[in-house]
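Accompanying notes for the structure given below.
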Amino acid sequence: MDQIIDRLAPATTAPDLTGWTLVAVLVLAGVAATWWPAWRVLRLAVTLVHELGHAVVGMLCGRRFTGFVLRSDMSGHAVTVGPARGAGVIATTWAGYPAPGILGAGLVWLATSGWSAPALAVLSVGLLAALTRVRSALTGLVVLAVIAGTASLWWWGDDTLQAWLLIGAGVLLLVGAWRHLGSMLHRVDPGSDPGVLARATGIPGPVWVATCVVMLAAASWLVVAVVRTAVGA
């Protein structure tokens, strides 16, 4: 129990992020999110956060989260049960595309502030809860793989390693969120989240895409700001 409590505590000092290691982490995260052989696997993690974004916001709006699936083509689907109309279903539908960027920015902020260990613990517990709502073998495999990674880093990683990897994961999620949303910039698919929102509200799909762009831009600004502060720039 003492070991668990110790690993739940934030670092006593903020991690030292100066030097070339930070540059290497940022470059590797960017390459992982843009180089196709890596992206074809890692994009499932971005889709996972996208779908859980629907689920979390849905539950916050009073809806019941019943299950979700991930597919190998990068698509996914989360099911929440509740009123078919109203602000709750609109917020739930909208939340998917911004979710990876928001979580990514949050992870970078927590890592640079010395809160990597608590963040990893919360992520592990949240993913364990999500595991009970898995509705396909591929989805279960992805969730178990992410749980194994976050839990292992939380238990065995030191403060510095945790910070480096969380920053890398945060940047990967942020760049991945931009990549996912990029498919909507030229044409809004009627079956996509913005397309569904357009039919439900009468507000054109590109307007909903623009709101996601604003949110991801804010998340990107936060990441740049906290990294600059951490390195003393």
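Could you derive backbone 3J(HN,Hα) for the stretch 133-145 from the dihedral phi with the Karplus parameters 6.51, -1.76 and 1.60 (θ = phi - 60°), listing whole Hz in sequence and x where the residue is Gly or Pro?
Coupling constants for the stretch 133-145: 10, 5, 10, 7, 5, 4, 4, x, 5, 5, 5, 5, 5 Hz.
Going by average Cβ density within 10 Å per residue, which order do the peptides 52-63, 80-91, 23-34 take, highest to lowest? Intermediate results must be reported in sequence, preceding the final value.
Working: 52-63: 19.9, 80-91: 13.6, 23-34: 15.7.
Highest mean packing first, the order is 52-63, 23-34, 80-91.
Determine, for each peptide in 130-141, 167-178, 39-50, the mean count of other beta carbons within 10 angstrom over its residues, then list the peptides with the highest first.
My ranking of the peptides, most packed first, is 167-178, 39-50, 130-141.
Quick one: dipole size for the chain, taken about the Cα centre, charges +1 on Lys/Arg Cβ and -1 on Asp/Glu Cβ, in debye to the nearest 20.
On the way: 13 positive and 9 negative charges, 170 e Å.
Result for the chain is approximately 820 debye, rounded to the nearest 20.
Rounded to the nearest 10 degrees, what's the angle between the helix 99-112 long axis and the longest principal axis of the chain, both from Cα atoms, 0 to 90?
That helix lies at roughly 10 degrees to the long axis.
Residues with amide H under 5 Å of Arg63's amide H, sequence separation 5 or more or different chain, H placed in the peptide plane at 1.01 Å from N; which?
none
When ranked by the protection proxy of mean other Cβ atoms within 10 Å per residue, highest first, what sequence do the peptides 195-203, 119-127, 98-106 form?
My ranking of the peptides, most packed first, is 98-106, 119-127, 195-203.
Please turn the phi angles of the stretch 192-204 into ³J(HN,Hα) values with the Karplus equation 6.51 cos²θ - 1.76 cosθ + 1.60 (θ = phi - 60°), one per residue in order, whole Hz, x for glycine and proline.
7, 4, x, x, 5, 5, 4, 5, 6, 10, x, 7, x
Count the net charge of all other residues whose Cβ sits under 14 Å from the Cβ of Ala119, scoring Lys and Arg as +1 and Asp and Glu as -1.
0
Between the stretch 87-151 and the stretch 206-227, what's the alpha-carbon centroid distance in Å?
The two parts, judged by their Cα centres, are 19 Å apart.
Treating only the Cβ of Lys, Arg, Asp and Glu as charged (+1, +1, -1, -1), what charge dipole size does the stretch 94-231 show about its Cα centre? Round to the nearest 20 debye.
Its charge dipole is roughly 320 debye.
What ³J(HN,Hα) values, in whole Hz, does the Karplus curve 6.51 cos²θ - 1.76 cosθ + 1.60 give for the stretch 77-89 when θ = phi - 60°, with x put for Gly and Pro?
Running phi through 6.51 cos²θ - 1.76 cosθ + 1.60 with θ = phi - 60° gives 7, 10, 10, 10, 10, x, x, 6, 10, x, 5, x, 6 Hz.
Of Ala210, Thr47, Pro10, whose Cα points farthest to the positive end of the dipole of the chain (charges on the beta-carbon: +1 Lys, Arg; -1 Asp, Glu; origin at the Cα centre)?
Looking along the dipole axis, the top candidate is Ala210.
Bear in mind that the values in this text are calculations on the coordinates, not laboratory data. Owing to the predicted nature of the structure, the values given are computational and were not obtained by experimental measurement. Note that each Cβ is placed from the backbone with ideal geometry, even for glycine, and that neighbours are counted across all protein chains shown.
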